[in-house]
Amino acid sequence: MADADSGPAERTLFDQLGLDPRLQETLAVLGYEEPTPIQRSAIPPLLEGRDLVGQAATGTGKTAAFALPLLHRISALGRNAGQPSALILVPTRELAMQVATAVHKYGRALGTSVLPIYGGQGYGPQLRALERGVDVVVATPGRALDHLRRGTLRLDNLAIVVLDEADEMLDMGFAEDIETILKDTPRTRQTLLFSATMPPRIAAIARRHLTDPLTIQVGREKTSADSLPKVKQVAYIVSRMHKLATLGRVLDVENPTSALIFCRTRTEVDDLAEAMNGRGYHAEALHGGMSQEQRDRVMKKFRGGTVDLLIATDVAARGLDIAQLSHVVNYDVPSEPESYVHRIGRVGRAGREGVAITLAEPREYRQLRGIEQATKQKIKVERVPSVADLHARRLELTRESVREAISGGDLEHFRVVVESLANDFDIMEIAMAAIKLAHKGEGGDLDQEQEIPEVPVFDKAPGGRRSGGRDDRGPGPGGPGPRGRMGGGGPPSGRGPRADRCGGGRPSGPGERRGPSNGGGGGGGGAPPSGPMIQLRIGAGRAAGVRPQDLVGAIAGEADIPGRSIGAIEIADNFSLVEVPESAVDQVLNVFKTSKLKGKKVRVRRADDTSKD
């Protein structure tokens, strides 16, 4: 296996790699001087026609590593009677457009024609372009297979196949499509496979479809300290029941210009987007269950700056080129170090500063440290910002707002108010009262904010010592204040009595799962559950439109128990599971004998009661 990180000690230039002079001229015009490690390692053997397996992280220059030799070879081989000479398979529409644009840009001097084909676009333009003849097709597997079955895409004379982001294509269910497509290509083709991770199923594809491939493992390019991406990596260790409140608090303190939040599943994405919208943010969901039109609309809003938070799965976010992204948040600890690297690689580009935040449950602390060891980068564990920290940030926001108002002028018509008050009060008291009103108007009222408790970490930290889960007990991260948003467990400031009933946990497993509610509820505040909890089974679930806030509202409102006393919630298709304090079980059961949920009577019983609904 070749390691692209261990590149030659001497400086290598593109004109030393054997590329077509016209490609070299194009690269010079584009300002490319020195190839990245993956380009140095991959281009020469690919020019010789070798098959290749590349494990490549985001930002390594992978696209140019396969596009440049691909263009060189198909130009040398000559046109293919209107049929494509190269096929590049990618997982998403966004990546198809991105790769097609790059290939077109590099191959302009060669006169290479490129066509992206993907779902969500009409067949008409694709059919007309294929009839005219193209050199390179960049396609998602599903749409490529559609054209093959229609007979509109011919691969008889194909010389090169590239499988880009192979792991993501398999995760999206394209394995059978890829197998079918590859069986329809000449056995003499050159095959390139790139993947961020190398699980056994990727290795199996390589064994079946590649011939004596060169294997290259690619890390991020080693750069000088001055040019390293400026990414601050921090983590917060929190219990599941306080995860949502922690996310709100941290975002309030960080005040991101634009943030990408990663969740594991589509259900998590939808639920978290709903919860964050309820907290005063403008959040949008992005996942594979959405139509292409919906995805395009979301991305247009996010790039236009009208959306604060984009909440997405890894697959949906793959291939997105988002400028000026300030924060990436891992709502769950990624299962693999490679996934973590891919996620945080989206900030800190082009010398800009960025922040990568991870929310970890105590049981995930060892996993977090494993990522730290694998990436050889420090992830600083910080204390969750306190109510006092949030208060300080909001005061800072108020001060800046007042400063801007003074700088903006146009204050003269308020002079009469100040002068009349000055007859009865000290001018300093008048100013403080005005600041107080402005502060409340900015969402600075913290009466309903709750402290988020620290939690112990029971995994052994590296070195064999027990960790309390905190590397730094100083104040929370700095930055300008929030924009009148709520960060803790109470209702959003300025939004009336709406209860924050969405819970703080994440869905896991086949059903929709939430942690305990962080406040609101018909029963008011109260303390989080501390005594024994009993799980109740409610005979209605997702199919009946039941959401976590419906359950919290019904139980807290009708049974008159604090919303914060309700534990984890899991919603399956036809039933739901809710944890309530043992002392409140009989009360809840009695309430549901006469009350309705979503307008219907439902049966509620203890989950350990084996009788059927």
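If you go through the stretch 46-61 one residue at a time, do you hit one that is within 20 Å of residue 212 (Cα to Cα), assigned to a helix (DSSP H, G or I) and modelled with pLDDT of 85 or more? Yes, there is a match, as at least one residue in the stretch 46-61 is within 20 Å of residue 212 (Cα to Cα), assigned to a helix (DSSP H, G or I) and modelled with pLDDT of 85 or more. For residue 180, the criteria (1) surrounded by 18 or more Cβ atoms within 10 Å (Cβ to Cβ); (2) over 27 Å from residue 40 (Cα atoms); (3) polar (S, T, N, Q) hold in every case but one, which is (1). If you go through the stretch 558-610 and keep only what is over 37 Å from the mean Cα position of the chain (by Cα), closer than 11 Å to residue 537 by Cβ and β-branched (Val, Ile, Thr), you end up with just 610. Checking 96, 76, 109 one by one, the residue that is assigned by TED's automatic domain parsing to the domain that holds residue 208, assigned to a helix (DSSP H, G or I) and under 20 Å from residue 182 (Cα atoms) is 96 and no other.
Kindly provide the set of residues from the stretch 98-122 that are surrounded by fewer than 17 Cβ atoms within 10 Å (Cβ to Cβ) and closer than 18 Å to residue 146 by Cβ, ordered by number. Passing the criteria: 119, 120, 121, 122.
Please tell me if residue 103 is modelled with pLDDT of 90 or more, outside any loop (DSSP other than H, G, I, E, B) and in contact with a Lys or Arg (Cβ under 8 Å, 6 or more places away or on another chain). Spelling it out, it is not the case that residue 103 is modelled with pLDDT of 90 or more, outside any loop (DSSP other than H, G, I, E, B) and in contact with a Lys or Arg (Cβ under 8 Å, 6 or more places away or on another chain). The condition (being out of contact with any Ser or Thr (no Cβ under 8 Å at 6 or more places or on another chain), free of Cβ contacts under 8 Å to residues at least 24 places away in the same chain and among the small types (Gly, Ala, Ser)) is satisfied by just one residue among 111, 142: 111.
Could you tell me whether residue 373 is surrounded by fewer than 16 Cβ atoms within 10 Å (Cβ to Cβ) and at pLDDT 80 or above? It would help to see each step written out before you state the result.
Values: surrounded by fewer than 16 Cβ atoms within 10 Å (Cβ to Cβ): yes; at pLDDT 80 or above: yes.
Against the criterion (surrounded by fewer than 16 Cβ atoms within 10 Å (Cβ to Cβ) and at pLDDT 80 or above), residue 373 qualifies.
Comparison of 173, 119 shows that the only residue that is outside any helix (DSSP H, G or I), in contact with a helix residue (DSSP H, G or I) (Cβ under 8 Å, 6 or more places away or on another chain) and not charged (D, E, K, R) is 119. Can you run down the residue pairs with Cβ atoms below 6 Å, 6 or more apart or on separate chains, where the first is in the stretch 230-253 and farther than 16 Å from residue 381 by Cα and the partner is of a type in the set (Lys, Arg) and not in a helix (DSSP H, G or I)? Pairs found: 248/279; 252/485.
Being in contact with a Phe, Trp or Tyr (Cβ under 7 Å, 6 or more places away or on another chain), buried (at least 17 other Cβ atoms within 10 Å of the Cβ), in contact (Cβ under 8 Å) with a residue 12 or more places away in the chain and under 23 Å from residue 186 (Cβ atoms), is that true of even one residue in the stretch 124-138? Checked against the condition, which is being in contact with a Phe, Trp or Tyr (Cβ under 7 Å, 6 or more places away or on another chain), buried (at least 17 other Cβ atoms within 10 Å of the Cβ), in contact (Cβ under 8 Å) with a residue 12 or more places away in the chain and under 23 Å from residue 186 (Cβ atoms), the stretch 124-138 yields no hits at all.
A quick yes/no check of all residues on (1) within 30 Å of residue 376 (Cα to Cα); (2) part of a helix (DSSP H, G or I); (3) of a type in the set (S, T, N, Q):
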site: 147; (1), (2), (3): no, yes, no
site: 152; (1), (2), (3): no, no, yes
site: 178; (1), (2), (3): no, yes, no
site: 194; (1), (2), (3): yes, no, no
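What residue, of 245, 259, 273, is closer than 28 Å to residue 290 by Cα and touching a His at 6+ places or on another chain (Cβ under 7 Å)? Step through it out loud before you land on a result.
Working: 245 fails: touching a His at 6+ places or on another chain (Cβ under 7 Å); 273 fails: touching a His at 6+ places or on another chain (Cβ under 7 Å).
After applying the criteria, what remains is 259.
Number of residues in the stretch 26-45 that are modelled with pLDDT of 90 or more and either touching an Asp or Glu at 6+ places or on another chain (Cβ under 6 Å) or in a loop (DSSP other than H, G, I, E, B) (or both) equals 0.
Could we say that residue 259 is closer than 27 Å to residue 566 by Cα, touching a residue at least 24 places away in the same chain (Cβ under 8 Å) and touching an Asp or Glu at 6+ places or on another chain (Cβ under 8 Å) here?
Numbers: closer than 27 Å to residue 566 by Cα: no; touching a residue at least 24 places away in the same chain (Cβ under 8 Å): yes; touching an Asp or Glu at 6+ places or on another chain (Cβ under 8 Å): yes.
No.
Annotation note: Cβ proximity below 8 Å between a residue of the stretch 287-310 that is more than 14 Å from residue 92 (Cα to Cα) and a residue that is of a type in the set (Phe, Trp, Tyr) and modelled with pLDDT of 85 or more (sequence gap 6+ or interchain) occurs for 308/281; 309/281; 310/302.
The residues on offer are 125, 91, and the sole one that is part of a loop (DSSP other than H, G, I, E, B) and either modelled with pLDDT under 90 or among the aliphatic types (A, V, I, L, M) (or both) is 91.
Condition test on residue 387, is it modelled with pLDDT under 80 and either among the charged types (D, E, K, R) or more than 20 Å from residue 257 (Cα to Cα) (or both)? Lay out the reasoning, then the answer.
Details: modelled with pLDDT under 80: yes; either among the charged types (D, E, K, R) or more than 20 Å from residue 257 (Cα to Cα) (or both): yes.
So residue 387 passes the test.
The values are calculated or read from the model by the stated rules, or taken from the named source; none is laboratory data. From a predicted model like this one, the values you see are computed outputs, not experimental measurements. We place every Cβ from the backbone using ideal geometry, glycine too, and count neighbours over all the protein chains shown.
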